[in-house]
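Participant: After the structure tokens below, expect a handful of questions from me.
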Amino acid sequence: MVCLNYEIELSSSARTDIFDVTEEVQKVVLQSGLKKGLVTVHTPGSTAAVTTIEYESGALSDFTRVLENLAPVDGEYAHNARWGDGNGYSHVRAALLGPSLCVPVKDGGALLGAWQQIIVLDFDNRPRKRRVIIQVLGERG
């Protein structure tokens, strides 16, 4: 069993930035030489998340609209009242989606659907440098 860790960095602006990291994840899996196993994509922090979607403008627009309905930027949040940083919505959105995603690896690639991309979302209300950890676990043979 082999376990390898890789890291990429993303620069966000503010509000909801969505990054397609599918190509980077597939490159890491290929570089690792693993033929079967798992790849985990994780972003540390409480105002970012990882999930999958069809990365096209319509689906992204729908997704951001739903997020705004669930946890509106201008909603009332106890977090904002306590800390005064105005990013209560970002903590709620990140908690709903989660910080990690695990995808099976087979024949040297992450098993994704034809229209399924891996995305990292930064919800914070200020620019950030986001670390994204990509861990592959499995067998080379």
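Bear in mind that the values in this text are calculations on the coordinates, not laboratory data. Bear in mind that the values here come from a model prediction, so they are computed numbers and not experimental data. No Cβ is skipped: glycine too gets one built from the backbone with ideal geometry, and neighbour counts run over all protein chains shown.
Participant: So how many Å³ per residue does the convex hull of the Cα atoms of region 2-139 work out to?
Facilitator: About 98 Å³ per residue, rounded to a whole number.
Participant: Show the residues, 5+ positions off or on another chain, whose built amide H is closer than 5 Å to the amide H of ARG130.
Facilitator: Counting only residues 5 or more places away or on other chains, the set is LEU10, SER11, SER12.
Participant: Would you compute, for the Cα atoms of region 75-141, the largest minus smallest coordinate along each principal axis and list the three values in descending order, in whole Å?
Facilitator: 54, 22, 18
Participant: While we're here: Tell me which of SER12, GLY113, VAL2 sits at the most positive position along the dipole axis of region 1-124, charges placed on C-beta atoms (Lys, Arg +1; Asp, Glu -1).
Facilitator: Of SER12, GLY113, VAL2, it is VAL2.
Participant: For the chain, what does the relative contact order come out to in percent, with C-alpha contacts under 8 Å and a separation of six or more? Before the final figure, lay out each step's value.
Facilitator: Numbers: 299 pairs, mean separation 76.5, N = 141.
Reported relative contact order: 54 percent.
Participant: Percentage of Cα-Cα pair distances in region 43-82 greater than 13 Å, rounded to whole percent?
Facilitator: Working: 524 of 780 pairs.
Within region 43-82, distances greater than 13 Å cover 67 percent of Cα pairs.
Participant: Same structure again: Points 7 angstrom from Cα along the Cβ direction at CYS102 and SER57: gap in nanometres?
Facilitator: 3.8 nm
Participant: Once you order the gyration tensor axes a ≥ b ≥ c over the Cα atoms, which shape class does region 42-117 get: rounded for a/c under 1.5, otherwise prolate or oblate by comparing a/b with b/c? Intermediate results must be reported in sequence, preceding the final value.
Facilitator: On the way: a/c = 4.37, a/b = 1.84, b/c = 2.37.
Since a/c reaches 1.5 but b/c is at least a/b, the shape of region 42-117 is classed as oblate.
Participant: Residues of region 108-126 with amide nitrogen under 19 Å from the 7 Å Cα-to-Cβ point of LEU70?
Facilitator: 116-125
Participant: If Lys and Arg each add +1 and Asp and Glu each add -1, what is the summed charge of the other residues whose beta carbon sits under 14 Å from the beta carbon of VAL29? Can you show the working numbers first?
Facilitator: Values: positive: LYS27, LYS35, LYS36, LYS106, ARG140; negative: GLU23, GLU24, ASP107, GLU139.
Cβ neighbours under 14 Å give a net charge of +1.
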